[in-house]
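**Student:** My questions all concern the structure below.
The values are calculated or read from the model by the stated rules, or taken from the named source; none is laboratory data. These numbers were taken from a predicted model, which means no experiment stands behind them. FYI the Cβ positions are ideal-geometry reconstructions off the backbone, even for glycines, and counts take in every protein chain you see.
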Amino acid sequence: MSDLTDAIDWLYSLGKFGIKLGLENTRALMEISGNPLQNAKGIHIAGTNGKGSVAAMLTAILKKSGYRVGTYTSPHLVDFRERISVDGAPISEENLLELIGSFKEKVGILNKNGIYPTFFEVVTAMAFEHFRDAGAEVWVVETGMGGRLDSTNITDFKTGVITSIGMDHTRHLGHSLEKIAAEKAGIIKENMNVITAAEGNVLSVTENMARKKGAAVLSWNRDFHAEIFSKDVDGSEANIHAVYDDYHVEVPLAGRHQVQNASLAVTAAEMLRHDEIYIEKSAIIQGIESTKWPGRFEVVNSEPIVIMDAAHNLPGAMAISNTLMDTGIWGGYTLVLGMLEDKDAEGVASVLAGGAKKIIITEPEYGERALKMEELMRITEKYAPVEGIRSPSESVERAISMGDPVLVTGSIYLLGDVLSSVRFNK
């Protein structure tokens with residue numbers, strides 16, 4: 001393979017095998033790759049929302065501590081290479097091209113034996129092989145979906161994080177919070193130390209799973225006391241509390257939900273000592289305060305303010321609405337919304353459209369999975385005046401021309417479309 005675009009297209013072509021929850025294919029890929037996971041140390045992150053933010057914070061903490069850190073997240077925002085990074089830097093085009101070429105050969109061998117890995121299974125295996133070859137000392141691995149049968153669950157790390165749990169991927173994970181929580185808690189291994197933002201019945205499910213595995217669980221709401229602060233979009237300090245008594249940390253990512261995410265990251269960093277990974281308090285604080293995670297309540301334009309954040313489910317929309325209320329933007333913004341058809345468009349619209357003066361509906365440039373503009377307009381038109389503009393870039397330019405603050409949200413693929421095509425003034 002000489003062309004990276006063609007190589008990535010080949011990866012996406014594996015989507016024809018759909019979503020297969022299970023570990024057999026990934027184990028086969030590991031075996032044919034020489035078992036990259038042997039002796040690997042790291043953190044496994046599951047949950048509905050906040051996984052990427054926690055991963056970004058932990059990566060920054062580990063980097064500040066002098067460790068070489070490999071990070072695997074999904075999906076990407078603008079560039080596919082973002083999914084696989086070492087020390088916060090995306091894999092190089094040269095290394096990615098070489099890696100895809102190698103795995104095309106491996107997949108061909110497995111196909112001859114009746115094994116047909118999916119897109120996510122192959123990319124997961126690619127990430128693990130790259131981390132081994134790049135000498136990553138600590139791995140930060142985010143699940144793709146669920147946990148128990150997610151491809152990443154072939155890891156055997158001693159530290160786990162389970163972020164907040166909400167209704168998402170119900171087709172594959174179940175139609176209740178308890179069933180979804182049980183799938184997420186499937187990442188818990190014997191003697192693992194787990195930090196979670198789960199509450200109520202969801203926390204009980206997580207603790208029951210941990211008890212069966214002889215694992216320890218710390219609850220964000222129950223077990224921590226300290227000060228962690230988030231900055232509002234105007235630079236003022238928001239409220240909020242969290243982890244250990246002797247920490248005072250400012251989170252650069254806006255929103256009260258990021259305080260919870262920071263609490264999980266700080267605690268997970270502390271727990272790494274059980275895997276003989278020792279991190280000074282100063283490195284934890286500096287890591288959190290230096291974290292960058294684009295597309296999460298990110299102000300990309302100043303006049304008017306344009307905010308970008310992904311919200312494809314009800315909990316995500318609620319987090320954004322809370323931040324909009326905290327910053328005084330609620331009720332006075334233009335909403336640009338685009339979703340994928342398998343996401344909770346009704347839930348997101350019911351929360352965010354209610355605070356908008358005007359709604360512009362668009363379509364992410366993501367093939368057949370994009371929710372059609374006309375359908376999303378039908379869902380949102382009962383909340384506020386609606387306009388449809390199929391092009392993501394033109395929809396944002398139209399919103400900016402109105403002069404009010406703009407919120408661009410929905411699918412993360414929509415954010416990527418806009419960031420790669422619209423020139424902002426910030």
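**Student:** What's the number of the only condition in (1) modelled with pLDDT under 90; (2) surrounded by 24 or more Cβ atoms within 10 Å (Cβ to Cβ) that T163 fails to meet?
**Tutor:** (1)
**Student:** Continuing with the same structure: Right, K179: assigned by TED's automatic domain parsing to the domain that holds S282, at pLDDT 90 or above, assigned to a helix (DSSP H, G or I) and surrounded by fewer than 21 Cβ atoms within 10 Å (Cβ to Cβ) or not?
**Tutor:** Working: assigned by TED's automatic domain parsing to the domain that holds S282: yes; at pLDDT 90 or above: no; assigned to a helix (DSSP H, G or I): yes; surrounded by fewer than 21 Cβ atoms within 10 Å (Cβ to Cβ): yes.
When the stated conditions are applied, K179 does not pass them.
**Student:** Oh, and also: Write out, first by first residue and then by second, each pair whose Cβ atoms fall under 8 Å of each other, whose residues are 6+ apart or on separate chains, and whose first residue, in the range 242-256, is under 20 Å from G295 (Cβ atoms) and assigned to a loop (DSSP other than H, G, I, E, B) while the second is modelled with pLDDT of 60 or more and of a type in the set (S, T, Y).
**Tutor:** So the pair list comes out as P252/S290; P252/T291; L253/S53; L253/T291; A254/T323; A254/T327; G255/T323.
**Student:** Scan the range 112-159 for residues that are of a type in the set (S, T, Y), part of a loop (DSSP other than H, G, I, E, B) and surrounded by 24 or more Cβ atoms within 10 Å (Cβ to Cβ) and jot them down. Spell out how you get there, then give the answer.
**Tutor:** So in the range 112-159, the residues of a type in the set (S, T, Y) come out as 116, 118, 124, 143, 151-152, 155, 159.
Of the ones still in play, those that are also part of a loop (DSSP other than H, G, I, E, B) are 116, 118, 143, 155.
Once the filter is applied, which keeps residues that are of a type in the set (S, T, Y), part of a loop (DSSP other than H, G, I, E, B) and surrounded by 24 or more Cβ atoms within 10 Å (Cβ to Cβ), the range 112-159 yields only T143.
**Student:** Is it true that some residue in the range 295-307 is surrounded by 23 or more Cβ atoms within 10 Å (Cβ to Cβ), small (G, A, S) and in a strand (DSSP E or B)?
**Tutor:** No: the range 295-307 contains no residue that is surrounded by 23 or more Cβ atoms within 10 Å (Cβ to Cβ), small (G, A, S) and in a strand (DSSP E or B).
**Student:** Hey, another quick one. Checking the structure you have, find out if any residue of the range 73-80 is out of contact with any Pro (no Cβ under 7 Å at 6 or more places or on another chain), among the aromatic types (F, W, Y) and part of a helix (DSSP H, G or I). Steps first, please.
**Tutor:** So the first thing to find is which residues in the range 73-80 are out of contact with any Pro (no Cβ under 7 Å at 6 or more places or on another chain), and the list is 73-76, 78, 80.
In the following step, the residues that additionally are among the aromatic types (F, W, Y) were identified as 80.
Pick out the ones that are also part of a helix (DSSP H, G or I) and you get 80.
Checked the range 73-80: at least one residue is out of contact with any Pro (no Cβ under 7 Å at 6 or more places or on another chain), among the aromatic types (F, W, Y) and part of a helix (DSSP H, G or I).
**Student:** Scan the range 373-391 for residues that are assigned to a loop (DSSP other than H, G, I, E, B), without any contact (Cβ under 8 Å) to a residue 40 or more places away in the chain and surrounded by 14 or more Cβ atoms within 10 Å (Cβ to Cβ) and jot them down. Don't jump to the end; show me each part of the working.
**Tutor:** Residues of the range 373-391 assigned to a loop (DSSP other than H, G, I, E, B): 381-385, 389-391.
Next, from what is left, pick out any that are without any contact (Cβ under 8 Å) to a residue 40 or more places away in the chain: 381-383, 385, 389-391.
Scanning the range 373-391 gives E381, Y383, I389, R390, S391.
**Student:** On to the next question. Kindly establish whether E368 is surrounded by 20 or more Cβ atoms within 10 Å (Cβ to Cβ), under 25 Å from Y12 (Cα atoms) and over 20 Å from the mean Cα position of the chain (by Cα).
**Tutor:** When the stated conditions are applied, E368 does not pass them.
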